[in-house]
1. Between Gln293 and Arg233, what's the calculated FRET efficiency when r is the beta-carbon distance and R0 is 35 Å? Round to 0.05.
2. In a shell of Cβ-Cβ distance under 13 Å around Tyr355, excluding Tyr355 itself, what net charge do Lys and Arg (+1) and Asp and Glu (-1) give?
3. Label Thr147 and Ser341 with points 7 Å out from Cα along Cα→Cβ: what is the distance between them in nm?
4. What is the magnitude of the charge dipole of region 11-75 about its Cα centre, with +1 placed on the Cβ of each Lys and Arg, -1 on the Cβ of each Asp and Glu, and no other charges, expressed in debye to the nearest 20?
5. With all protein chains present, calculate the accessible area of Tyr61 using a 1.4 Å probe and round the result to the nearest 10 Å².
6. Taking 30 Å as R0, compute the FRET efficiency from the Cβ-Cβ separation of Glu319 and Lys66 and round it to 0.05.
7. Classify region 26-112 as rounded, prolate or oblate from the Cα gyration tensor: take a ≥ b ≥ c as the square roots of its eigenvalues, call it rounded if a/c is under 1.5, otherwise prolate when a/b beats b/c and oblate if not.
8. Would you mind calculating the gained length between Ile48 and Ser283 on full extension (0.36 nm times residue separation, minus the Cα-Cα distance), in nm to one decimal?
Amino acid sequence: IYSCCYLSRRLNQLSSHDPLWKRHCKKYWLISEEEKNQRNQSWKAIFISTYSDLGRYIQYYATLKKAWDDLEKYLGQRCPRMIGSLKESVQEEDLDSVEAQIGCKLPDDYRCSFRIHNGQKLVVPGLMGSMALSNHYRSEDLLDIDTAAGGFQQRLGLKQCLPLTFCIHTGLSQYMALESVEGRNKYEIFYQCPDQMARNPSAIDMFITGTSYLEWFTSYVNKVVTGGYPIIRDQIFRYVHDKECVATTGDITVSVSTSFLPELSSVHPPHYFFTYRIRIEMSKDALPEKACQLDSRYWRITNAKGDVEEVQGPGVVGEFPIISPGRVYEYTSCTTFSTTSGYMEGYYTFHCLYYKDRFFNVTIPRFHMVCPTFKVSTARIVSKIVRCSFSCVNFDRTETNHNEYAVDEDEDSTDTDEYEDRRRVLDIPAPSGRCPRHT
């Protein structure tokens, strides 16, 4: 439109019609009436000045700006400390300097986001979510551009990968591939997973978390601002709750949410670590004499191959909670599978406090746990092909057992005393040092 204004007087008049520019300012730059008044400029002048600065991001800016605005509004009411950790935007020359430093082009959607906010300070809690078990804690910060550039990788296994997040407790990062190398797609985002069975240290598998920065960031923000991830003690916890995963027995309702922990998982050997958060609540309308105490739990655990394990034991997390009208009890436990998915279900056994000889079972709904998509390291694939070729040529040599590279193994989850936490009414107590699984 701006170029067309020179063609004729009529087009020039049309291009100066301010309501026309108002529409574009709102659509592409999310400029409000209040902001327009503060600038004391016409809509046309605002559009042109903004385009001269951010024009290369016109297809991304509105989506990312809305995501940031929604996130700030939501967290400002619930996690104000986290909002205070966000850093101001960077300029084009800062991003150009980083590209020159690392020798790779940054995708425009990534650059656009940093023109809005330059990540956050290295603090706790992290903007990209937390996870807590009694002897394991993760909280991921969204890295600022300089810190990300400092962590740019050129080593085998992570060649031309830029870290997006970082956890100061575990060293865990999510990376973005800036080029299509080592079996990765360009701009793919992932958690690295070193292959523990390969002799080659460059053999790194990947748990995929996004196909582009825009998709990765906006999908995360949407999950946060819609309440998909719970806010607990000023932190975002990346538990996913299936609305169907709720069961009510009498006056007691049990609901479950789950999360996959990449930092405690591996593809080779197959070991997929999940944590689940259970909420037990008695209706506030229940009669006082319905108060009861949990005595034991029973679990039926099924992996992707259909193998079943049954676990039964006293209490949960070493406790025997009392449930009364309006009372909520929450705790977190975990499980591991040697298959990429599995599910659990079971029941709790309670006894009535007013009628101590009366026992009853409360259903725990079936909940599924599924490992995210992953890619096997190209170093492992190449190594396997070379060994296969060599063993075919040298018939006298004992062949390597290639079953060691299979994803599915016979080993499955066990009932051990590791990785456990408990919470009551959205409160996380100090670590207890013991973490029984399947509690």
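The values are calculated or read from the model by the stated rules, or taken from the named source; none is laboratory data. Please read all numbers here as calculations on a predicted model, not as lab measurements. Cβ placement follows ideal geometry from the backbone for every residue including glycine, while neighbour counts extend to all protein chains displayed. The accessibility values were calculated without ligands, DNA or RNA, using every heavy atom of the protein model including side chains. Shrake-Rupley method; radii C 1.70, N 1.55, O 1.52, S 1.80 Å.
1. Details: r = 27 Å, r/R0 = 0.76.
Computed FRET efficiency for Gln293 and Arg233: 0.85.
2. Numbers: positive: Lys290, Lys356, Arg358; negative: Glu289, Asp357.
Around Tyr355, the charge tally is +1.
3. 3.6 nm
4. Details: 11 positive and 8 negative charges, 46 e Å.
Rounded to the nearest 20 debye, it is 220 debye.
5. 30 Å²
6. Details: r = 44 Å, r/R0 = 1.47.
After rounding, the FRET efficiency stands at 0.10.
7. Details: a/c = 2.06, a/b = 1.09, b/c = 1.89.
The shape class here is oblate.
8. Values: separation 235, 0.36 × 235 = 84.60 nm, distance 5.84 nm.
Gain in length upon complete extension: 78.8 nm.
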